[in-house]
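Asker: Quick one: this structure, given as structure tokens, is what I'll be asking you about.
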């Protein structure tokens, strides 16, 4: 190396030594001055550029850091570690392909370079090349068996491969070597979430934050725990804490978009997702988050495009993105295209339990269906598979064996699936019954008098309420086939507005006419943009039956349609489904029957106190027996003229985003009436709870 003197007669090695000394002493300005002196004498000098890159990275300027490291690596004799460090910075920027090339170059130059193999393994992991990642990281563990970081990184790849037992083993080994290893605690939290151990997962994430308050992944994993147990407000609190010191972190923006989407703040979610894509246009995760928000906004074509981009980019969401695209095609009535998209996903991810279970409701199984054998084989792997995958597999096989007429095997899987799901949360049936009784006691016939004339008047909202699986989707599909009716699906807007005011129903005692009008107006502000000029908008959230007594006080012009169905048929249908939202009462036959009785009592009360002209009841069985008669009765209730399109509801191409998506694409069929009687011997706890005698 040349040592030509500079203006201060220092050689280049001497200047570099001083630069490193100043940097290690925390004197960044002086370190940078010496580096710049070197570069003035020797433009492109690799060591000075490398140190400037490390300094820029330390101060959060990732783009400048990458620029310096790229130049440093161009030098003919640049050490392998420089390429390794560049690879890690490129990973942090989301440039996985270039990062992989840099890491490969590093280990080619120095096959014994442990950081090089580690960085390459992590890059391959994030690019979804998991078997290659595993080989790299296993090599690192062999080379450094007492390094906790090596075990932590290897565990991450095992986890993504679905080998949860091996992943937990290596996380525990990392923590045994270094008990205060914040990253390992954070990653263990993510693993425990996949296993459905939410309390332990949250504790691990919080411990990681306590150990390292600036560990971004710990906040993201805590938010993931809370989202997994439908505590989206708590997830946002974790993300608020992250935003305080990393407001522009792309993963934080993605997580915030997801939480806001779940809370139905879709416009706000859209902004964060778009911001994440703008910051990291090559991030599959960002495009996937944007696709989900666009899907929620009903922007089907744009969502399909974003799902496609997410699947094409390097990352770990390709499988989920392909499933999301196929599911959206199914929801929008494009069944042929949807099934082809599911096939494409399965070709890309052979044996994927997520693909196999996602298309279960779109097909009718026959004996010998290869999907059944594939799902059974996945279940045979036991706890190596994440709990959510195992639950989905059991629900899927329950449905498959019901289709094939094997009730015994079907209910063996359904009972296991429901038991597993029930083990992931706390639910108190008696407390739920007491709460619903308090709701009824609060709403007497005299109570609304003091709010007479309050609320926000509008003829737009139509609420379809009832138990899940009681025909609410069918009624919405029939009515939304009318040219003046828009079916908005299941909206949480009413529940969220009410819960923002305090505990229900106690908050009602302080409800003033002005506040009632404000709440009603807040609801209308959220739904009016969805209506697209239609005279009526349907909010088909079944659980709004809890708030039925409040609806006329907040929205005196609203109409309420209560859908009813045979109690056992309703409950059986609930028991066979894994719901996307919180339906905690559905995963135990006794609790399900008890909840139905609570619901019946509350609905009997509403029938007495709700205004007759704004409330109507419709029986699923009556719709099946007399479609035209019931459709005419419902349209008259909505004060709309008759349209024949309501009889051709199954041809309606609107997006349907419920467990009934496949059923509402078919003409009326009567085989679901009295369906439960064929399975009575498997429903004893439910029948006892409902007080129904077995046939």
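Bear in mind these aren't lab numbers, they're just calculated from the coordinates by the rules spelled out. Note that this is a predicted model, so its numbers are computed, not measured. Glycine gets a Cβ as well: all are built from the backbone with ideal geometry, and neighbour counts include every protein chain shown.
Asker: Of 117, 606, how do they rank once you tally other Cβ atoms within 10 Å and put the fewest first? It would help to have the intermediate numbers written out before the result.
Answerer: Working: 117 27, 606 21.
Taking fewest neighbouring Cβ atoms as first place, the list is 606, 117.
Asker: So for the chain, averaging the separation of alpha carbon pairs under 8 Å that are six or more residues apart and normalising by length, what relative contact order in percent results?
Answerer: Details: 1079 pairs, mean separation 57.1, N = 695.
Relative contact order, the chain: 8 percent.
Asker: Ranked from highest to lowest mean number of other Cβ atoms within 10 Å per residue, what is the order of the peptides 384-391, 370-377? Please report the intermediate quantities before stating the final value.
Answerer: Values: 384-391: 20.2, 370-377: 15.2.
So the order, starting with the most tightly packed, is 384-391, 370-377.
Asker: Once you have the Cα-Cα distance between residue 444 and residue 246, take 0.36 nm times their residue separation minus that, and quote the gain in nm to one decimal. Present the calculation step by step, with values, prior to reporting the outcome.
Answerer: On the way: separation 198, 0.36 × 198 = 71.28 nm, distance 5.09 nm.
That pair, residue 444 and residue 246, stretches by 66.2 nm at full extension.
Asker: Taking the Cα centre of each part, how many Å lie between segment 114-155 and segment 157-177?
Answerer: 12 Å
Asker: I've got another one for you. Two-decimal Rg/Rh of segment 5-110 from alpha-carbon positions, Kirkwood Rh? Show your work: numbers first, answer last.
Answerer: Values: Rg = 13.8 Å, Rh = 13.9 Å.
Rg/Rh: 0.99.
Asker: Can I ask one more? Using per-residue counts of other Cβ atoms within 10 Å, averaged over each peptide, order 286-299, 53-66 from highest down.
Answerer: On the way: 286-299: 24.1, 53-66: 16.6.
Highest-to-lowest ranking by the protection proxy: 286-299, 53-66.
Asker: Can you tell me the 0 to 90 degree angle between the C-alpha axis of helix 182-194 and the longest principal axis of the chain, rounded to 10?
Answerer: In the chain, helix 182-194 runs at an angle near 30 degrees to the longest axis.
Asker: Ok, one more. Just for the Cα atoms in segment 529-660, what are the lengths along the principal axes, largest first, rounded to whole Å?
Answerer: If we take the Cα atoms of segment 529-660, the spans are 44, 35, 33 Å.
Asker: How big is segment 375-461 by Rg and Dmax over its Cα atoms, in Å?
Answerer: According to the Cα coordinates of segment 375-461, Rg and Dmax are 22.5, 63 Å.
Asker: Taking neighbour counts of Cβ atoms within 10 Å as a proxy for exposure, in what order, fewest first, do 231, 675 appear?
Answerer: Ordered by Cβ neighbours within 10 Å, fewest first: 675, 231.
Asker: Between helix 370-379 and the chain, what is the angle of the helix's C-alpha long axis to the longest principal axis, kept within 0 to 90° and rounded to the nearest 10?
Answerer: Tilt relative to the chain: about 60 degrees.
Asker: Mind running the shape call on segment 467-601? Use the C-alpha gyration tensor, a ≥ b ≥ c as the square roots of the eigenvalues: rounded below 1.5 for a/c, prolate if a/b tops b/c, oblate otherwise.
Answerer: Numbers: a/c = 2.20, a/b = 1.25, b/c = 1.75.
It comes out oblate by the Cα gyration axes.
Asker: In nm, give the distance between the simple-model label positions of residue 426 and residue 101, each being 7 Å from the Cα along the Cα-to-Cβ direction.
Answerer: 5.4 nm
Asker: With each run of n ≥ 4 DSSP H residues scored as -39500 (n - 2.57), what mean residue ellipticity at 222 nm is computed for the chain after dividing by its residue count and rounding to the nearest 500 deg cm²/dmol? Before the final figure, lay out each step's value.
Answerer: Values: 34 runs with 423 residues, N = 695.
Estimated from H runs of four or more residues: -19000 deg cm²/dmol.
Asker: Ranked highest first by average number of other Cβ atoms within 10 Å, how do 433-439, 259-265, 29-35 line up?
Answerer: Values: 433-439: 16.0, 259-265: 20.7, 29-35: 18.3.
Averaged packing, sorted descending, gives the order 259-265, 29-35, 433-439.
Asker: Need one number: nm distance between label points at residue 109 and residue 363, each 7 Å from Cα along Cα→Cβ, rounded to one decimal.
Answerer: My value for the distance between the label points is 5.0 nm.
Asker: Using 0.36 nm per residue of separation minus the Cα-Cα distance, give me the extension gain between residue 131 and residue 24 in nm, one decimal.
Answerer: On the way: separation 107, 0.36 × 107 = 38.52 nm, distance 3.85 nm.
Full extension from residue 131 to residue 24 adds 34.7 nm.
Asker: On a 0 to 90 degree scale, rounded to 10, what angle separates helix 266-279 from the longest Cα axis of the chain?
Answerer: With both axes taken from Cα atoms, the answer is about 20 degrees.
Asker: If I histogram all Cα-Cα distances within segment 429-690 using bins 5 Å wide from 0, what percent of pairs lands in each bin?
Answerer: Reading upward from the zero bin: 1, 6, 13, 17, 19, 17, 13, 8, 4, 1, 0.
Asker: Simple spin-label model, 7 Å along Cα-to-Cβ: residue 622 to residue 677 in nm?
Answerer: My value for the distance between the label points is 2.2 nm.
Asker: Just one of (1) 158; (2) 173; (3) 214 is volume of the Cα convex hull per residue in Å³ calculated from these coordinates, so which is it?
Answerer: Identified label for the calculated read-out: (2).
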